[in-house]
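Right, one structure below, let's go through it.
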Amino acid sequence: MAAGTKGKMAEQKKAGFAGRQTESLPARLLKDMRKNWILYVMILPVVVYYIIFAYAPIYGIQLAFKDYIVKKGIWGSPWIGMENFTRFFSSYNFGLLLKNTIGISVYSILVGFPIPIVFALMLNYLKNKYLKKTVQMVSYAPYFISTVVMCGMITIFLNPDTGIFNTIRGFFGMESVDFLGKPELFKSIYVWTGVWQGMGWSSIIYISALSGVDYQLHEAAIVDGANKLQRILHVDLPSIKPTIVMLLILQMGSLMSVGFEKVFLLQNTLNKQAASVISTYVYEVGLINSDYGYSTAIGLFNSVINMILIVAANQICKKFTEESLF
């Protein structure tokens, strides 16, 4: 009796599965939407946001291949093919823009990527929970300072006459230095202030990953006589390796996208040679000079390079670390 009942239930499941397979995709989707309509309502704002701000603007990419004339519109403007790209590649400042953009990005990754990991590991081994929470709170705070305010603070602190750094230098009998006026110092100022601002916030995900490490592994390592450094190298880092690899791949995908606001606000006539990057150049030729087709071509070039970098980084990580984003 029981065997017959199980057989009938199995046949019913098979029949139901076969019925679902014969249903068309729109029918299955409509059925699922009726059943889980609350979930679809919750995700609707996100879908609308990406449609409006991520997918709809793709229509304007064709500007990169046209000599855009406002009166004629996008469709009516004459097609010029790769002329805008050729113009950018042959421009006198192409090499400078590429050098500054890649230089700042690589510098940011080399310095800014490992520091949050080290900071999270240090906090993880801090036994005083009150001190740990205090340090976390203080390290998170700079992240919530807006870019405009941050750049204002940097300008005030580095002022050659009244800035705190030059005041300290003067106390020790050293000459005043116009830090923001020296092109060779711009990259370091940009990167290290960014590290200070984002270190605590970036460490949150690593702290969360470290909290999921099985403490039995640490106990076994302690029994074997491992010190803290050995536990970090052989227990903590291997355990959070997937998280590290994922974030590294994502960061490689934005290698060419140096933040416009901070560079633009710290830029002046003295350091412009080192502070001119692709994002500020797009602003100058696009919004100031109204050369929309040319600026679109530059932005498209930037996006394509970023896409190539994230795919390449993913394949390299998959080959050497056996971890990947996709």
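The values are calculated or read from the model by the stated rules, or taken from the named source; none is laboratory data. If you're wondering where the values come from, they're calculated on a predicted model, not measured in any experiment. Neighbour counts are summed over all protein chains in view; Cβ atoms, including those assigned to glycine, are modelled from backbone coordinates with ideal geometry. Ligands, DNA and RNA are stripped out before the accessible areas are found, and what is left, the full protein with its side chains, is counted by its heavy atoms. Shrake-Rupley method; radii C 1.70, N 1.55, O 1.52, S 1.80 Å.
Largest accessible area first, the listed residues D67, D291 line up as D67, D291 when surface is computed with a 1.4 Å probe on the assembled protein chains. Once the chain from V311 to N289 is taken as fully extended at 0.36 nm per residue, the excess over their C-alpha distance is 4.5 nm. Taken one residue at a time, the phi angles of region 317-322 give Karplus couplings (6.51, -1.76, 1.60, θ = phi - 60°) of 5, 5, 6, 9, 10, 6 Hz. Gly and Pro are set to x. Per residue, the chain exposes an accessible area of 64 Å² to a 1.4 Å probe, with every protein chain left in place.
What does the helix-only formula give at 222 nm for the chain: each DSSP H stretch with n ≥ 4 adding -39500 (n - 2.57), the total divided by the residues, and the result rounded to the nearest 500 deg cm²/dmol? Dividing the helical sum by the residues of the chain leaves -21000 deg cm²/dmol.
Quick one: which of K228/K319; K31/K318; K72/K99; K129/K228; K71/K272 span more than 27 angstrom between C-alpha atoms?
Working: K228/K319 30 Å; K31/K318 38 Å; K72/K99 36 Å; K129/K228 18 Å; K71/K272 35 Å.
Listed pairs above 27 Å: K228/K319; K31/K318; K72/K99; K71/K272.
Remark: the F144-V48 segment gains 31.9 nm on full extension, using 0.36 nm per residue and subtracting the alpha carbon distance.
With charges only on Cβ, +1 for K and R and -1 for D and E, what is the dipole size of the chain about its Cα centre, in debye, rounded to 20? Walk me through the numbers on the way to the answer.
Values: 28 positive and 18 negative charges, 259 e Å.
In total the dipole reaches around 1240 debye.
When Kirkwood radius over Cα pairs in Å is computed from the coordinates, the matching label among (i) 24.9; (ii) 22.6; (iii) 19.9 is (i). Summary value for the chain: 23 percent relative contact order, contacts being C-alpha pairs under 8 angstrom separated by 6+ residues. Amide H contacts of K66 (H built 1.01 Å from N, in plane; Pro and chain starts excluded): I80 sit under 5 Å, all sequence-distant by 5 or more or on other chains. To the nearest 10, the accessible area of V277 is 0 Å² with a 1.4 Å probe.
What order, most packed first, do the peptides 311-318, 126-133 have when packing is the mean number of other Cβ atoms within 10 Å of each residue? Please list the in-between numbers first.
Numbers: 311-318: 16.2, 126-133: 10.1.
The most tightly packed comes first, giving 311-318, 126-133.
Between F260 and Y215, what is the FRET efficiency for a Förster distance of 41 Å, r being their Cβ-Cβ separation, to the nearest 0.05? Working from the Cβ atoms, E equals 0.40.
If R₀ is 22 angstrom, what is the calculated FRET efficiency for the pair L229 and E323, using the beta carbon separation as r and rounding to 0.05? Numbers along the way, then the final one.
Details: r = 23 Å, r/R0 = 1.06.
For R0 = 22 Å, the calculated efficiency reads 0.40.
Dipole orientation for region 82-321: of the candidates V195, N314, P242, P242 has the Cα lying most toward the positive pole (charges on Cβ; Lys, Arg +1; Asp, Glu -1).
The string of couplings for region 290-307 from the Karplus curve (6.51, -1.76, 1.60, θ = phi - 60°) is 6, 9, 5, x, 5, 5, 5, 4, 5, x, 5, 4, 4, 5, 5, 4, 4, 5 Hz, one whole number per residue in order, with x for Gly and Pro.
Each label was represented as a point 7 Å from its Cα along the Cα-to-Cβ direction; for Q62 and I168 these points are 5.7 nm apart.
Taking 7 Å along the Cα-to-C-beta vector as the label spot, tell me the I74-S188 distance in nanometres, rounded to one decimal. Reported label-point gap for I74 and S188 is 4.6 nm.
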